Every structure is written in C-alpha cells, then in structure tokens.
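The values are calculated or read from the model by the stated rules, or taken from the named source; none is laboratory data. Treat the numbers as computed from the prediction; the structure is a model and nothing was measured. No Cβ is skipped: glycine too gets one built from the backbone with ideal geometry, and neighbour counts run over all protein chains shown. Accessible surface areas use protein heavy atoms only, side chains included; no ligands, DNA or RNA. Shrake-Rupley method; radii C 1.70, N 1.55, O 1.52, S 1.80 Å.
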Protein chains: 4
Amino acid sequence: MNIAFIGLGNMGAPMARNLLKAGHSLNLFDLNKDILAELAAQGGHISASPREAAQGAELVITMLPAATHVRSVWLGEDGVLAGITEGVPAVDCSTIDPQTVRDVAAAAAKQGVHMADAPVSGGTGGAQAGTLTFMVGANKALFDTLHPVLSQMGRNIVHCGEVGTGQVAKICNNLVLGISMIAVSEAMALGAALGIDSQVLAGVINSSTGRCWSSEVYNPWPGIVETAPASRGYTGGFGAELMLKDLGLATEAARQAHQPVVLGAVAQQLYQAMSLRGEGGKDFSAIINGYRKPE
Amino acid sequence: MNIAFIGLGNMGAPMARNLLKAGHSLNLFDLNKDILAELAAQGGHISASPREAAQGAELVITMLPAATHVRSVWLGEDGVLAGITEGVPAVDCSTIDPQTVRDVAAAAAKQGVHMADAPVSGGTGGAQAGTLTFMVGANKALFDTLHPVLSQMGRNIVHCGEVGTGQVAKICNNLVLGISMIAVSEAMALGAALGIDSQVLAGVINSSTGRCWSSEVYNPWPGIVETAPASRGYTGGFGAELMLKDLGLATEAARQAHQPVVLGAVAQQLYQAMSLRGEGGKDFSAIINGYRKPE
Amino acid sequence: MNIAFIGLGNMGAPMARNLLKAGHSLNLFDLNKDILAELAAQGGHISASPREAAQGAELVITMLPAATHVRSVWLGEDGVLAGITEGVPAVDCSTIDPQTVRDVAAAAAKQGVHMADAPVSGGTGGAQAGTLTFMVGANKALFDTLHPVLSQMGRNIVHCGEVGTGQVAKICNNLVLGISMIAVSEAMALGAALGIDSQVLAGVINSSTGRCWSSEVYNPWPGIVETAPASRGYTGGFGAELMLKDLGLATEAARQAHQPVVLGAVAQQLYQAMSLRGEGGKDFSAIINGYRKPE
Amino acid sequence: MNIAFIGLGNMGAPMARNLLKAGHSLNLFDLNKDILAELAAQGGHISASPREAAQGAELVITMLPAATHVRSVWLGEDGVLAGITEGVPAVDCSTIDPQTVRDVAAAAAKQGVHMADAPVSGGTGGAQAGTLTFMVGANKALFDTLHPVLSQMGRNIVHCGEVGTGQVAKICNNLVLGISMIAVSEAMALGAALGIDSQVLAGVINSSTGRCWSSEVYNPWPGIVETAPASRGYTGGFGAELMLKDLGLATEAARQAHQPVVLGAVAQQLYQAMSLRGEGGKDFSAIINGYRKPE
C-alpha cells in the first residue's frame, strides 16, 4: 500500500518503521532532515511537503506534537488537503484537543476525504514494539479500513465513536490517571508518615476499593512494584511534561464544553509546579516527591 | 467464649448477632435500650456500663461512632479499663483517628491489656452477612488470638502492623477511593459533554491506565455497572456522609503528621459541599451530580 | 478625528457613542445591523467590513468578545490590516489572551502600524458614563497618542508597559479578584455557621489583614454593603460568566507560560460549577450561594 | 489589681511585662522556670500551678499554644477552675478552636465564672509594644470589665459577640488572609512570567478590584513594599507555621460546622507543602517561592 506518513518524531519514526517492515511504500515528511535520511535508507521516499506526500497516496497518516502543527500540516497552503485524492482515507494519530480534530475533519469532508483521529497510548516502547493502543474516532467503514494498517503498529485498536472521540477517550482516561497517581502518592506518603509499612499498605489498597492502575502496576513508592519507574529513580515511563500536556488538553476541552473538572485542574497545577521545580523530565509518578521531605 | 461487646449501632448489632450465632456468651452495652432488649432476647446479657461488661470477659470488642466515644468508653470512670482483667485481649473496631487508638492502647498497656484496632469495610450488608474486611493493627500474638473471632464476623482479616495501623490502612485506602470516585465522575461527565458514548468510555478506561475500582465496579454514571448504586438512583452503598467522615479523618491525621494531602482536602470539601446541598444521604458516587446539569 | 470603531456590543456601542458626542467622525462596523443603524442615526458612518472602516481612518479601535474575533477582524482578508494606512495608531480594547494581542501586534508592526492593547474595567455602566479604566499596553509614544481619545471614554488611563501588558494587568488583577471573592464568601459563610454576627465579622475583616475590595466594597453577604449586588439579589454588577471567562484567560496564559496558578484554577472550576447549576447570569459574588444551605 | 497570668511564651511574656509596668500585681505560671525567674525579677509572683495562680486573683488571663493546653490549664486537677473565686472575670487569649473555648467557658459558668476569649493579632512586636489587637468574645458586662486591662496590652479592642466569637473572628480573618496571600503570589508570579513590570502590576492591582492587604501592605514580591518581609528575605513577620496552624483551625471548625471551605483547604495544603520543603520558618508570604523557579 502507498502510505503518506507525516511527522517522524519519537513516536512517528518507529511507527513508520513498522509500516516499512510490513512491506508498505511510504511517502515521508518531517522538518528533521536527519530522520528523513535515516528512514529513506530503510526504504521510504522523501517528500518536499505534506502536500507532495499526500499526492498519490492511498492512505495518509499524521503524528504531530500539537494542534497548531495539525492545523498547518492539514490546512496549510502546502498541506495534506492540498494534495490528497478524493476518497482516500486519512488518520491523525496526534494527541490534541477534540475541537481541532473536528475542525480539520470537517474541512477534509468538504473535499470528500474521511478523516479519523487515533491518538495512541503505550509510549515510545510501544511504538517500537508495535504494541500501541489506538483510540479511534471514525465512522464504522473508515474504522474497518484503517484497522489492518493500525494493527501493524499496535495491538489494541479501539473504536470510540465518530471522529474526535478518540481524543475524548484519551484525555478522559488520562484525566483519571493523572488524578489517581496523585491520590496514590498522597496515600502512600501519608501512610508512611503514620507508620504503616508501605508494602503492607499497597497490599491493602490493591485488594480493596482504592485499587487502581496507579497503585497496582505503577505504584509511585519506590520498591513496591519492581518494574515501575519509581523503582528505578523515576526514569523512563510517561514523562510528567506529557501528563501536564494531556491534563491541559482535558481542562481546556472542559472549559470549551462548560464542564467543571475540579480535581483535574488541581492535578494539572500540581504537575505544573513539579515542572517549575525542574522535575518535569521525570516519570509522572515522581509527583510523589512533593509529598516527601527533600533529602 | 465470654465476650464483652460494646456499641450496638447499625454495624455493631449485626456483628454481635453473628457472635451469638457462633455460640459465644456476650456481655452487651449500648445507650440504646431497645437494641439491648432485642439482643438480650437472642441470648445476650445486658450490662449497666462498659466497665461491667468488661468484668469477667475473656475478650472485649468495641464498635463506636467516633473518637470521643472511644475515649469515654475505654477511659471513662465506668469505662472498659476500669473493669477489664489484666491480660485479656481487646479490640476496637471503630473507624477513628490513629492517634486516639494509640493513646487508648497506651493507657491499656499500662495495666497489662493488649489492645488492637480493627476498623472494617463492607458496610451494614457485610456486617449482617459476616463478610466484613477487618484491617487489624496488633502485635502478631494478639492478631493470632483475635483472628478466629474476627473470622466469625468477617471474611478478610488483614494484619496491617502494630496497633493504629488498621486505622492508617483504612483512611489511606479511603483517601484514594474518595478521590478516584471524583476523578471518574469528572471524566465520565466530561466525556459525555464531549460526545463520547458513556459505555464506550467506561470500556476504554477499564482496559487502560485509568482503570480503578470506582470505574470498574462502582462507576458513578448510571447504567454502566448494573449492580452499582448509580444504576439504582444512588441508594444503598457507601453514604457520602461516611466518605466525608473518613476524608476528615485522613486530612486531620495528615495535619497532625505534617503531611500535605492536596487532592484529599479538595475531595473532602467537594463531599462537604454535596452534603450542604442536602445530598449527603445518597451513595458517595452521587458526587457526579455536581458535574451534570440539574434536571 | 476620523476614527474606525469596530465591535459595537454591550461595551463597544456606548464607548462609540461617547466618541460621537466628543465630536469625532466614526467609521463603524459590526455584524449587528440594528446597532449599526442606531449609531448611524447618531452620526456614525456604516462600513461594509473592518477593512473598509480602517481605510482613511486616523485611528482604529476594536472592542470584540474573544480572541478568534480579534484574529479575524485584524488579520482576515477583509480585516483592519488590509485597509489601514501605514503609521496610523491602533488599539484593541477587547479582553483576550496576551499572546493573541502580541501576535496581531507583530503582524501590524510588519506593515508599519503600532498597535496597543487596552482592556477595560468598569462594566457597561462605566462604558455609558465614560468612566472606564483602561489598562494600556503600548510604547510610550503610542500611549501618549491614545491618551486623549481614551480619556473621552474613561477616567483612569493606566500605562502598563509594552503591548500585551494591558491584558496581563487585567487578567492578573481579576485572578486576585476571583479568588478573593471566594475567600470572603467562605469566611462570611463559615463565620455565620459558627455564630458570629455577619456585620461584626465584616467589620473585623475590613479593619484587619483580611481586608480586600471583595470584603469592603462588594461583600457577598447580603446587607453588609448596601450598594453591592449581594444586597439586591446578586443582580447587576460583574456577571459570573465574565469572571469565568477572565479566569479561563488567566489559567490558559499561565499554562502557556509554564506557571502554576493553583487557587486560580480551583476558583475557575468553582465558577464553572456555579454556571453549570444555572447561576452564571448572576453577579459573581453569588458564588457564596454554594456555601449556604439552599432555601 | 491582682492578676493571674498563665502562659509566658513569646507572646505571653511581653504581655505580662506590660501589665507589670502598668502597676498590676501578677501571679505567674509557666512550665519554663527561666522565664518565671526573669519575670519574678521584674516584680511578679511565681505560682506552683494554675490553681495556685488563680487563688485570690481578681482577674485570670491565659495565653497558651493550643487547645490541649487550654483544656488542661483550665479544667485539670490543678487548673484555674480549681482555684478561681466565684465571680472573678477570666479571659483566654490563646488562638484555638471556638468549640474548646465554649466548652471551657461552659465549665467555668457552672461555678459562677464568666470567661471571655480574646485571641490577638499583631505578633511578638505588637505584644512588646503593647499594640496588639484583641478580638473579644464576651457578654457586654465582661467586655467592659476587661477593656481597661486589655488596653494596657493592646491598642485595638474589638467586641465580636458572645464567648467564642473572638476565635471565630480571628480564624475567619486569617482564612481570607491566607488565601489572598496566595492569590497575590500567583498573580505577581504570573505577571512577571508574562512580562509586566512587577511594580506596575502591583500598582494596577492596588488601585483596582484586586486590592487587598496582601497586595498593598505585605506584597510577597521582593521590593514592592519596602517594609514587607518579602523585601528582607522573608524574615520576621507572620511565620508560615502560624498561618498553617490558623488555617488548620479554620478547616477543622468548618468540618465541625459542616461548612465547605474549598480554597481554605487548598491554601492549608499549600502552606503544609511549603513546610514540608523546610520553609515553614519563613514569613508566610514566602509561599510565593513555590511559584518561582528555584535559583
């Protein structure tokens, strides 16, 4: 299949590599010449613009850092919509606000292009291993069309509803995640201060009503879960800056929808304060450091 | 076994009934004459005071509403410590602050009485069915002594550490629970406002990193989990006033331990505001009503 | 002076009227035909677009609801910058985010137009009476040029620094205001619940360290300040929706600047919840109703 | 006048000194022998217990750190009520929760002693200079009786209502203060990050609706107010630990009164986090350091 792949950063590059390995022909675009050269050496074709990449492609995939990039890559003078053929399926895998997705998809629809949003979870590790989860917003026919290709980059392809709902699912999930990580941090730090053994406390929570992914799989207290970032100095994992970005998307989407998200907003501010202290590069579970005496 | 059982409210009465059924002889005390009469009819012996109940008992159990009652029942002139025999094991099953437990246990220890704390979860339903979870703070020997009797009232008997750690475990767990229920409420309400199907959103969260007991077992959006209070008008379950009490214990214990609990404190205030609106009698998952347009 | 005035809503229309009264010639533009007709009857000239209004004008003033309008009115195909003469001074009086102001001003500067931002406070009453406060971001020369005209619409013309700082001043002030109104609400409601006379409590606060504009001039407890909205059913004044908008600008600007604003974010959410309850049309001091038992 | 003065800490000792200077005869009690010796050298009489101090006194004054001390000093076996003569006026100047004050006053009333609460503001500087503010909860007759003596230790003697309302006034005022200091900190730090001159911003706020004691008199940004702690490294002034204590009293009183105090609770947690970082000894306006990049 001839696929346009635009956006070859930490996530996009390994995703594109998996498509090359699967035997697809790729038109590549990115502002970074080095990564273009590297992927060309692995069989991709370098395009001069998103427009050029989209020309003749049977599928267009984009993976970009933020809404402004999505707008310019799709709607700009040399953008995807200037080059894409009517009827070609398209999917944006960026994590951005639902409204931008819907605006861009509406513009695409005007020229006969059905567009999906499919933000991912699983991090750079999942992108490399081809085990990402895709949360897909698309009509049923488009979802069925995209499914085989997304499956070559991910393991879990979830249909969330019409275009935009992929973003909604992701930011709502990460809203719960960002809050519950702080909840577990407060509880583990409080428990330690009150004299309970941390392993025992984690055991109680995990077999009771406080149980959550943040306590079971990714406990922020060092040594509770051997494979969690907390047990290796809060390196690797899901960076606090990324959580901060996603909570920013959630609160901004909530503002536009006139919905309160009280704990979500406080959580965002706490990660922002963590970032200001210079700890934004650590895994987001390092938020617990704000609850422990500095050493 | 001759057991003193003091405090026969919504929780204490069914617990005492289960001990009577198991064949124990019970010295009962409560301020409510009706419940005393009822339990006497089922084989219990009425005592005139905690002191009298404790006299001659081989085990003392108390189940009281708040720390002030625990102090007076144990330390008062006619209290348990005025009547209890040296060496007799004792356990308080109330949910109160860890400091009070430790103060009372220290007073008991001075006269040769080892005391445990063993707050429960499982509600009145669990108390009746004998399926409570006991979170026990006690030295190992005392824990082993208490285990058979507690097992006649509950199914899950967890040893959390020395006296006081039962309370610590319970308030830390409920701290996470109280917060994560609000997190899920904010996410479910936001998702609905942004146009995703609620069942789909719950599915995404439950198979992803936002997964928690509040989303899986007790989802606050009506109709997601058929057995959850949300699917029956927020009746039954764990009342918001009880959650409010437990978050009050958590933030107060945190204050004494000089620990911040930012989200915990906000959560407490949100349940307090819910209570002020007159909704404190509903299940605590009705906190989601503050995130939905009033009908 | 020949002035282009674009945006004739609740604030813009009375401001334009004051300029007409002062003897200026006005090129008017708005999407609302009725208000255009009304102001034309008072001597203004109707323009077909912002571009046309700007053509030949010696000064351009815009007063618009939000950043998207500012972008399109200034940068659109038929926008101000398509018609304005090089060297003509320009000022946007809208309350929007500082970044948009700076983006538009940078575009204006490219064609030799110096642009200021001058958001106002004082409400529709101040706009009619010509007693607004203008917070002006502009270089000194532009500020001096604008001063006489702004003085015909307002009483207090404050120079805050370079372009964009007018918005910064306004959102920072309103950040403090939005928070302190809730602070006073919590204190007045708590005091009443604890049995102190509200008038006495207000007196203590106002002569002590809790003193603030929200307690002295605009106390949210009914009957404390006779001229405050609280004493007339929370009508008139500064609507909660406007406060919500300004706190949204503050938290969004903070997000872009990587600054935490914890209480600001919580305050925004509390006004958002108030709005969801259907009370957004009331004066913002009605936030106190969330702290009092519903009647 | 023969006065019992119990509690000779940082506040109590200079207050007692002012009474000695005014010519009163003082029965002194404290656990600190050194301060007793020092004040004895200045003319006071050392008592062996609160009871002994109260015996024969025509007025009893206490100034203690926390509620537990107030309970034991007044109600203990060797406490004030064991020694005081019926009809003698009494006043507690400690800052504690209103409920404890009311409990102790009720016990005093049972033996014919009218008791007032009169917490102070003004710090150790005010205690030394005799310029404290006393917030007095007492019936009118008792207030009139106490007024002349309190005036020898303070400048501003405010009648807040019946016993307990002195505490209510103080904690409600400090609730507003603790919150508004954070509000001003967030606004000043945000403004700086967004490029406005801090002196200009403070000027705008102080002449507008954000105006408050924290912005005008005690601005947390260094160099804005020369006499504020911010301009001398956050030394002197009102320690963050004291603010933390008062916010703890406010949220605990709110809990007992079933009142939400959302921003108050968040503010408490932010001061708690500041304390955990080891900055609790600084003036409370150093809360702004959490909003600025560490140097």
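Kindly provide the set of residues from region B:37-64 that are surrounded by fewer than 22 Cβ atoms within 10 Å (Cβ to Cβ), in contact (Cβ under 8 Å) with a residue 40 or more places away in the chain and under 25 Å from the mean Cα position of the chain (by Cα), ordered by number.
Result: B:Glu58, B:Leu59.
If you go through region C:181-195 one residue at a time, how many are facing chain D (nearest Cβ under 7 Å) and either polar (S, T, N, Q) or surrounded by 24 or more Cβ atoms within 10 Å (Cβ to Cβ) (or both)? Talk me through it step by step, then tell me what you get.
Applying the first criterion (facing chain D (nearest Cβ under 7 Å)) to region C:181-195 yields C:182-184, C:186-187, C:189-191, C:193-195.
When the remaining residues are screened for being either polar (S, T, N, Q) or surrounded by 24 or more Cβ atoms within 10 Å (Cβ to Cβ) (or both), the result is C:182-184, C:186-187, C:189-191, C:194.
Qualifying residue count for the region: 9.
Which of the following residues is surrounded by fewer than 24 Cβ atoms within 10 Å (Cβ to Cβ), charged (D, E, K, R) and within 30 Å of B:Asn289 (Cβ to Cβ): A:Glu226, A:Glu216? Lay out the reasoning, then the answer.
On the way: A:Glu226 fails: within 30 Å of B:Asn289 (Cβ to Cβ).
Result of the check over A:Glu226, A:Glu216: A:Glu216.
What is the one condition in (1) open to solvent by 20 Å² or more (accessible area, probe 1.4 Å); (2) more than 7 Å from every other protein chain (Cβ to nearest Cβ); (3) in contact with a strand residue (DSSP E or B) (Cβ under 6 Å, 6 or more places away or on another chain) that B:Gly166 does not satisfy?
Of everything listed in (1) open to solvent by 20 Å² or more (accessible area, probe 1.4 Å); (2) more than 7 Å from every other protein chain (Cβ to nearest Cβ); (3) in contact with a strand residue (DSSP E or B) (Cβ under 6 Å, 6 or more places away or on another chain), B:Gly166 misses just condition (1).
Take the residues of region A:90-113 that are assigned to a loop (DSSP other than H, G, I, E, B) and either over 15 Å from A:Met63 (Cα atoms) or in contact with a Cys (Cβ under 8 Å, 6 or more places away or on another chain) (or both): which is most open to solvent (accessible area, probe 1.4 Å)? Steps first, answer last, please.
Keep residues of region A:90-113 that are assigned to a loop (DSSP other than H, G, I, E, B), which gives A:93-97, A:111-113.
Filter once more, keeping what is either over 15 Å from A:Met63 (Cα atoms) or in contact with a Cys (Cβ under 8 Å, 6 or more places away or on another chain) (or both): A:111-113.
Values: A:Gln111: 71, A:Gly112: 28, A:Val113: 1 Å².
Among them, the one singled out is A:Gln111.
Please pick out the residue among D:Ile84, D:Ile61, D:Ile46, D:Ile35 that is among the hydrophobic types (A, V, I, L, M, F, W, C), assigned by TED's automatic domain parsing to the domain that holds D:Ala141 and in contact with a Phe, Trp or Tyr (Cβ under 7 Å, 6 or more places away or on another chain).
Numbers: D:Ile84 fails: in contact with a Phe, Trp or Tyr (Cβ under 7 Å, 6 or more places away or on another chain); D:Ile46 fails: in contact with a Phe, Trp or Tyr (Cβ under 7 Å, 6 or more places away or on another chain); D:Ile35 fails: in contact with a Phe, Trp or Tyr (Cβ under 7 Å, 6 or more places away or on another chain).
Sole residue among the options that is among the hydrophobic types (A, V, I, L, M, F, W, C), assigned by TED's automatic domain parsing to the domain that holds D:Ala141 and in contact with a Phe, Trp or Tyr (Cβ under 7 Å, 6 or more places away or on another chain): D:Ile61.
Assess whether D:Val176 counts as being within 12 Å of chain C (Cβ to nearest Cβ) and either at pLDDT below 95 or not in a helix (DSSP H, G or I) (or both).
Numbers: within 12 Å of chain C (Cβ to nearest Cβ): yes; either at pLDDT below 95 or not in a helix (DSSP H, G or I) (or both): no.
No; evaluated as a whole, the condition is false for this residue.
Scan (1) surrounded by fewer than 16 Cβ atoms within 10 Å (Cβ to Cβ); (2) outside any loop (DSSP other than H, G, I, E, B) for the single condition B:Arg71 breaks and write down its number.
(1)
Matching residues to (1) more than 14 Å from B:Val262 (Cβ to Cβ); (2) out of contact with any helix residue (DSSP H, G or I) (no Cβ under 7 Å at 6 or more places or on another chain); (3) surrounded by 21 or more Cβ atoms within 10 Å (Cβ to Cβ); (4) at the interface with another protein chain (Cβ under 7 Å from one of its Cβ atoms):
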site	(1), (2), (3), (4)
A:Ala254	yes, no, yes, yes
A:Ala257	yes, no, no, yes
A:Gly264	no, no, yes, yes
A:Gln269	no, no, yes, yes
A:Gln272	no, no, yes, yes
A:Ser275	yes, no, no, yes
A:Phe284	yes, no, yes, no
A:Glu295	yes, yes, no, no
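I want to confirm something. Restricting to region C:132-163 and keeping residues that are surrounded by fewer than 24 Cβ atoms within 10 Å (Cβ to Cβ) and in contact with an Asp or Glu (Cβ under 8 Å, 6 or more places away or on another chain), which single residue is farthest from D:Val204 (Cα to Cα)?
C:Asn139
Test A:Asp197 against the stated conditions and say whether it is modelled with pLDDT of 95 or more, within 26 Å of the chain's Cα centre (by Cα) and of a type outside the set (A, V, I, L, M, F, W, C). Outline the logic, then answer.
Numbers: modelled with pLDDT of 95 or more: yes; within 26 Å of the chain's Cα centre (by Cα): no; of a type outside the set (A, V, I, L, M, F, W, C): yes.
It is false that A:Asp197 is modelled with pLDDT of 95 or more, within 26 Å of the chain's Cα centre (by Cα) and of a type outside the set (A, V, I, L, M, F, W, C).
Condition first: within 30 Å of B:Leu247 (Cα to Cα), in contact (Cβ under 8 Å) with a residue 40 or more places away in the chain and not acidic (Asp, Glu). Can you find one or more residues in region B:19-27 that meet it? Steps first, answer last, please.
So in region B:19-27, the residues within 30 Å of B:Leu247 (Cα to Cα) come out as none.
The answer is no, given that none of the residues of region B:19-27 is within 30 Å of B:Leu247 (Cα to Cα), in contact (Cβ under 8 Å) with a residue 40 or more places away in the chain and not acidic (Asp, Glu).
Filter region B:74-87 for residues that are in a loop (DSSP other than H, G, I, E, B) and surrounded by 18 or more Cβ atoms within 10 Å (Cβ to Cβ) and give the result.
Filtering region B:74-87 for residues in a loop (DSSP other than H, G, I, E, B) gives B:76-79, B:84-87.
Scanning region B:74-87 gives B:Gly79, B:Ile84.
Being touching a helix residue (DSSP H, G or I) at 6+ places or on another chain (Cβ under 6 Å) and free of Cβ contacts under 8 Å to residues at least 12 places away in the same chain is the filter here; which residues of region B:219-234 pass it?
B:Pro222
So that you can scan it fast, the table gives a plain yes or no per residue for (1) free of Cβ contacts under 8 Å to residues at least 24 places away in the same chain; (2) under 21 Å from C:Gly236 (Cβ atoms); (3) in contact with a Lys or Arg (Cβ under 7 Å, 6 or more places away or on another chain):
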position	(1), (2), (3)
C:Asp117	no, no, no
C:Phe134	no, no, no
C:Lys140	yes, no, no
C:Arg155	no, yes, no
C:His159	yes, no, no
C:Val163	no, no, yes
C:Ala169	no, no, no
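On the basis of being away from chain A (no Cβ under 11 Å), more than 18 Å from B:Ile96 (Cβ to Cβ) and hydroxyl-bearing (Ser, Thr, Tyr), does B:Tyr218 make the cut?
In short, no.
Going by the conditions given, is C:Leu150 away from chain D (no Cβ under 12 Å), out of contact with any helix residue (DSSP H, G or I) (no Cβ under 6 Å at 6 or more places or on another chain), in contact (Cβ under 8 Å) with a residue 40 or more places away in the chain and not polar (S, T, N, Q)? Give the derivation first.
Working: away from chain D (no Cβ under 12 Å): yes; out of contact with any helix residue (DSSP H, G or I) (no Cβ under 6 Å at 6 or more places or on another chain): yes; in contact (Cβ under 8 Å) with a residue 40 or more places away in the chain: yes; not polar (S, T, N, Q): yes.
Against the criterion (away from chain D (no Cβ under 12 Å), out of contact with any helix residue (DSSP H, G or I) (no Cβ under 6 Å at 6 or more places or on another chain), in contact (Cβ under 8 Å) with a residue 40 or more places away in the chain and not polar (S, T, N, Q)), C:Leu150 qualifies.
Within region A:114-131, can one find any residue that is in a helix (DSSP H, G or I), open to solvent by less than 40 Å² (accessible area, probe 1.4 Å) and either among the basic types (Lys, Arg) or farther than 24 Å from A:Leu244 by Cα (or both)? Give the steps one after another, and end with the answer.
Filtering region A:114-131 for residues in a helix (DSSP H, G or I) gives A:123-129.
Subsequent filtering for residues that are open to solvent by less than 40 Å² (accessible area, probe 1.4 Å) retains A:123, A:126-127.
Filter once more, keeping what is either among the basic types (Lys, Arg) or farther than 24 Å from A:Leu244 by Cα (or both): none.
The answer is no; no qualifying residue exists.
Could you run through region D:9-36 and say how many residues are open to solvent by less than 10 Å² (accessible area, probe 1.4 Å) and under 22 Å from D:Val88 (Cα atoms)?
Final tally of qualifying residues: 6.
Please count how many residues of region A:65-90 are touching a Pro at 6+ places or on another chain (Cβ under 9 Å) and free of Cβ contacts under 8 Å to residues at least 12 places away in the same chain.
1
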